[in-house]
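Written out below as structure tokens is the structure these notes cover.
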Amino acid sequence: MPVAIRRVYLMLAALCLALSVTGCATTAANLPAEVPAMHSVSEVTDESVALTPDPWVGFNRSMYKFNYTLDKYVLLPVVSGYEFVTPSFVQTGVSNFFNNVGEVRNFTNCVFQLKGMQTLTTLGRFVTNSTIGIGGLFDVATSMGMERQVEDFGQTLGYWGVGTGNYIVLPLFGPSNLRDTGGLVVDSGLRYALTTSIFNSVGGMSDGQENVISNSITALDVIDARHQQKFRYNGSHYPFEYEMVRWLGGEKRKLEVLK
């Protein structure tokens, strides 16, 4: 059977399973407490979803569950509280500000990947939003036709032929791979250096005041990042969500490297 047809069958089966689970939700009280699984992912080893390399599967599954717990009981409640008490226009301004800081990362990696037009667009966005947009609080550049170019050092490594390496689920950051983990370290270092230089340029503050402000901005950065990220662990209620996220994440990164 051709691979494309097998994939269609797999997606149809997943859709039917999702619909059946939804339809049965209203009568769950009449069902046994636990129904043993009739199938496992090992039965579809001819599919690319099941064949995605994952040599550290034990650690990764444990970390996936850890992130789910952290997300459910810590991050999402904090984000919900932030969204409840903060006006929407303030949320937009905060997101615009941190996205504008991220333009330095985007610009640097556009240069590393020899993307001339994207480099000019990113530079134009940063200058425009930092000036007319009042320090990045307003995204004036997008309304002027300069679309945001999201680039990171993991994509840069992929552009120059570095392989992905093993799949890994990182604490807090979620699904990734060894190449993108290295890229994350570089990008985080660049962001930290930029933030530090901004603080050093502002005088009149004691070390204690700088630490308080720095920690507050870092916390707000984390909250805003989760606020902008729409992914939810166990959001699909699909029995093989771990495998599907692993595969879809890998395919997404391939497309981002090739763009």
Exercise. Any residue in segment 229-245 that's modelled with pLDDT of 90 or more: show its pairings with residues that are of a type in the set (F, W, Y) and exposed (fewer than 13 other Cβ atoms within 10 Å of the Cβ) at Cβ separation under 9 Å, as long as the two are six or more apart or on different chains.
Key: V245/F231
Practice problem: Mind listing just one residue for me: the one in segment 210-247 that is over 15 Å from the mean Cα position of the chain (by Cα) and hydroxyl-bearing (S, T, Y) and, of those, least open to solvent (accessible area, probe 1.4 Å)? | Solution: Y242
Quiz item: Restricting attention to segment 77-99, and to residues there that are among the hydrophobic types (A, V, I, L, M, F, W, C), in contact (Cβ under 8 Å) with a residue 40 or more places away in the chain and open to solvent by 30 Å² or more (accessible area, probe 1.4 Å), which single residue is nearest to R148 (Cα to Cα)?
Solution: F97
Quiz item: Just to be sure, is V111 open to solvent by 20 Å² or more (accessible area, probe 1.4 Å) and without any contact (Cβ under 8 Å) to a residue 12 or more places away in the chain?
Solution: yes
Quiz item: Do the conditions hold for G250, that is, is it modelled with pLDDT under 75, open to solvent by less than 50 Å² (accessible area, probe 1.4 Å) and not in a loop (DSSP other than H, G, I, E, B)?
Solution: no
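What do you reckon, is V140 open to solvent by less than 70 Å² (accessible area, probe 1.4 Å) and touching a residue at least 60 places away in the same chain (Cβ under 8 Å)?
Numbers: open to solvent by less than 70 Å² (accessible area, probe 1.4 Å): yes; touching a residue at least 60 places away in the same chain (Cβ under 8 Å): no.
Criteria not met by V140.
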Practice problem: Would you be able to say whether some residue in segment 160-181 is surrounded by 15 or more Cβ atoms within 10 Å (Cβ to Cβ), closer than 19 Å to F107 by Cα and modelled with pLDDT of 95 or more? | Solution: yes
Quiz item: Which number in (1) polar (S, T, N, Q); (2) out of contact with any helix residue (DSSP H, G or I) (no Cβ under 8 Å at 6 or more places or on another chain); (3) modelled with pLDDT under 95 marks the one condition that S62 misses?
Solution: (3)
Exercise. Tell me, yes or no, whether segment 30-52 has at least one residue that is of a type in the set (A, V, I, L, M, F, W, C), in contact with a strand residue (DSSP E or B) (Cβ under 8 Å, 6 or more places away or on another chain) and either at pLDDT 95 or above or crowded, with 16+ Cβ neighbours inside 10 Å (or both).
Key: no
Practice problem: Residues being within 22 Å of L220 (Cα to Cα), part of a helix (DSSP H, G or I) and open to solvent by 30 Å² or more (accessible area, probe 1.4 Å): count how many of those fall in segment 114-137. | Solution: 2
Self-check item: segment 214-237: number of residues that are in a helix (DSSP H, G or I), within 16 Å of Y68 (Cβ to Cβ) and hydrophobic (A, V, I, L, M, F, W, C)
Solution: 0
Quiz item: On the given criteria, is T196 farther than 30 Å from W247 by Cβ, modelled with pLDDT of 95 or more, polar (S, T, N, Q) and outside any loop (DSSP other than H, G, I, E, B)?
Solution: no
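The values are calculated or read from the model by the stated rules, or taken from the named source; none is laboratory data. Source: prediction; values computed, not measured. A quick note on method: Cβ atoms are made from the backbone with ideal geometry, for glycine too, and the neighbour counts reach across all protein chains shown. Surface accessibility is based on the protein's heavy atoms, side chains included, excluding ligands, DNA and RNA. Shrake-Rupley method; radii C 1.70, N 1.55, O 1.52, S 1.80 Å.
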